[in-house]
Amino acid sequence: MINRAEYITDPEWERFLDFSGNLETPCIVINPHRVKKNYIRLRDLFPYAVFYYAVKANPEKAIVSLLAELGSNFDIASRPELDMVLDLGISPDRISYGNTIKKAADVAWFYERGVRIFATDSREDLKHIAQNAPGSRIYVRILVENSTTADWPLSRKFGCHPDMAYDLLIMARDLGLSPYGISFHVGSQQRDICQWDDAIAKTKYLFSSLEEDEDIKLTMINMGGGFPSSYTQPTNDLSEYAAEIYRYLSDDFGDSFPHIVFEPGRSLVGNCGILVSEVVLVSRKNNTALNRWVYLDTGRFNGLIETLDESIKYPIVTSKDCPGGKEAEVILAGPTCDSMDILYEDYKYRLPVDLKIGDRIYFLSTGAYTASYASVGFNGFPPIKTYVMDS
Ligand SMILES: *Cc1c(COP(=O)(O)O)cnc(C)c1O
């Protein structure tokens, strides 16, 4: 959880204000130094693991290049994402195709460019892979329940029941592919660490039964993402995640772990970005209304889509904040002519009472799932721009 007072007394905050002061709003400012710090921390906490950055979290080239330099691999979901990463000089043996929803032609595209690791969760997709990416390594994504404890759940749409995963891995072998492992994603911003326990137990069951029944020896577990970034809701420290996950793996696999892969997105880049916006209007809906509406020059269609259902609650700082300053509840909304473009209405942020048109509002921890999620021009507003500070 971010402590606002601590955050804005950090020397980095001054540097950020200097950098962003003259930028036109709205925009997102990325601090690459933090990306580096996050990567090194993950690597230190999970020394036995290999990392595939989930590029969708923030495909900014400076971030991808920096992570490549630090030794990260990449989890890619589409042809344009692949081409962008290859254009940066990253070799295809550092890439896995983690999207289970793809066309046969997409599989061929990846294979032609040298990618040899593919995720799947269905028979039809597996057939496409066998036909268009012969001999490749296959891992099967299993369904895990995560809808109540993850702030941005990824359940239902991806993965299959472990019984089906079992069948798919046999089918992979029979189609001449190489059965490699199991993957899962416990839900993004997963605040319940026990979710990894259940998923690892299911994985262990598949490893054992496939070896015993079919002599198929799986060697890899891809645990996806799910590690938290810092928003207003409390989370355990990443070191707690590391300690618990190590314990779950040891319980199930003893001291000979399979290859362990993580695909961090949010936890690597979330707290590296600050979205800078400006107050367009402050108003009330009747003469005695208690709550002010604060309208900003950015909203759900321009970087803040994860406010959908008020799922992600970003820490907010304003240019009017001062120690002991008077604050009151507001409803925060974006600038477009769509009534869905309300950021927070149930959850009431308290902002300074003297907040005025032209003041700046800073959304902290907006480095993940923001810029690349913006509409191309709803109501004519161009997609939000990203700027990268010097590291
Ligand atoms: C989005 C995604 C990730 C990243 O998840 P985070 O919770 O942002 O770390 C990892 N793996 C896959 C397959 C994904 O779709």
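The values are calculated or read from the model by the stated rules, or taken from the named source; none is laboratory data. Quick caveat, the model's predicted, so the values are computed rather than measured. Using ideal geometry, Cβ is built from the backbone for each residue, glycine included, and neighbour counts are taken over all protein chains shown. These accessible areas exclude ligands, DNA and RNA; they are computed on the full protein's heavy atoms, side chains included. Shrake-Rupley method; radii C 1.70, N 1.55, O 1.52, S 1.80 Å.
Looking across the stretch 272-291, the residues that are assigned to a strand (DSSP E or B) and surrounded by fewer than 19 Cβ atoms within 10 Å (Cβ to Cβ) come down to GLU278, VAL280, LEU281, VAL282, SER283.
Is it the case that some residue within the stretch 303-310 is open to solvent by 10 Å² or more (accessible area, probe 1.4 Å), within 16 Å of the ligand (Cβ to nearest atom) and touching a helix residue (DSSP H, G or I) at 6+ places or on another chain (Cβ under 6 Å)? Scanning the stretch 303-310 turns up at least one residue that is open to solvent by 10 Å² or more (accessible area, probe 1.4 Å), within 16 Å of the ligand (Cβ to nearest atom) and touching a helix residue (DSSP H, G or I) at 6+ places or on another chain (Cβ under 6 Å). If you go through the stretch 236-269 and keep only what is more than 12 Å from the ligand (Cβ to nearest atom) and among the β-branched types (Val, Ile, Thr), you end up with ILE245, ILE260.
Criterion first (at pLDDT 95 or above, more than 17 Å from TYR52 (Cβ to Cβ) and either acidic (Asp, Glu) or within 16 Å of the ligand (Cβ to nearest atom) (or both)) does TYR205 satisfy it? Steps first, answer last, please.
Values: at pLDDT 95 or above: yes; more than 17 Å from TYR52 (Cβ to Cβ): yes; either acidic (Asp, Glu) or within 16 Å of the ligand (Cβ to nearest atom) (or both): no.
Criteria not met by TYR205.
Listed residues ASP125, ASP163; which is more than 22 Å from PHE227 (Cβ to Cβ), open to solvent by 50 Å² or more (accessible area, probe 1.4 Å) and either within 16 Å of the ligand (Cβ to nearest atom) or of a type in the set (D, E, K, R) (or both)?
ASP163
Residues in the stretch 219-273 that are aromatic (Phe, Trp, Tyr) and touching a strand residue (DSSP E or B) at 6+ places or on another chain (Cβ under 7 Å): PHE262 alone. Exactly one residue out of PHE118, PHE158 is at pLDDT below 95 and either under 21 Å from LEU206 (Cα atoms) or touching an Asp or Glu at 6+ places or on another chain (Cβ under 7 Å) (or both): that is PHE158. Restricting attention to the stretch 155-200, the residues that are touching a Leu at 6+ places or on another chain (Cβ under 7 Å) and within 20 Å of LEU268 (Cβ to Cβ) add up to 3.
Restricting attention to the stretch 63-88, the residues being acidic (Asp, Glu) and open to solvent by 40 Å² or more (accessible area, probe 1.4 Å) number 3. The number of residues in the stretch 174-197 being more than 16 Å from the ligand (Cβ to nearest atom), crowded, with 16+ Cβ neighbours inside 10 Å and of a type outside the set (A, V, I, L, M) comes to 2. Can you spot a residue in the stretch 144-161 that is closer than 22 Å to ILE260 by Cα and either acidic (Asp, Glu) or not assigned by TED's automatic domain parsing to the domain that holds PRO234 (or both)? Checking the stretch 144-161: at least one residue is closer than 22 Å to ILE260 by Cα and either acidic (Asp, Glu) or not assigned by TED's automatic domain parsing to the domain that holds PRO234 (or both).
Name the residue, out of ILE95, ILE90, that is farther than 26 Å from LEU308 by Cβ, within 15 Å of the ligand (Cβ to nearest atom) and at pLDDT 95 or above.
ILE95 is the lone residue from the list that is farther than 26 Å from LEU308 by Cβ, within 15 Å of the ligand (Cβ to nearest atom) and at pLDDT 95 or above.
The residues in the stretch 340-354 that are under 16 Å from LYS320 (Cβ atoms), of a type in the set (A, V, I, L, M, F, W, C) and open to solvent by less than 10 Å² (accessible area, probe 1.4 Å) can be counted, and the count is 1.
Given the criteria within 15 Å of the ligand (Cβ to nearest atom) and either in contact with a His (Cβ under 8 Å, 6 or more places away or on another chain) or in the same structural domain as LYS127 (by TED's automatic domain parsing) (or both), does PRO59 qualify?
Judged against the criteria, PRO59 is a match.
The residues of the stretch 229-268 that are modelled with pLDDT of 95 or more, farther than 20 Å from ARG4 by Cα and of a type in the set (Gly, Ala, Ser), listed by number, are SER239, ALA242, ALA243, SER250, GLY254, GLY265. Test LYS157 against the criterion of being without any contact (Cβ under 8 Å) to a residue 60 or more places away in the chain, of a type in the set (D, E, K, R), part of a loop (DSSP other than H, G, I, E, B) and out of contact with any Ser or Thr (no Cβ under 8 Å at 6 or more places or on another chain), and give yes or no. Criteria met by LYS157. Going by what's in this entry, would TYR111 be described as within 13 Å of the ligand (Cβ to nearest atom) and touching a residue at least 12 places away in the same chain (Cβ under 8 Å)? No. All conditions in (1) open to solvent by 30 Å² or more (accessible area, probe 1.4 Å); (2) in contact with a strand residue (DSSP E or B) (Cβ under 6 Å, 6 or more places away or on another chain) hold for LYS103, with the sole exception of (2). Scanning the stretch 198-216 for residues that are under 30 Å from ASP151 (Cα atoms) and open to solvent by 30 Å² or more (accessible area, probe 1.4 Å) turns up ASP198, ALA201, LYS202, LYS204, TYR205.
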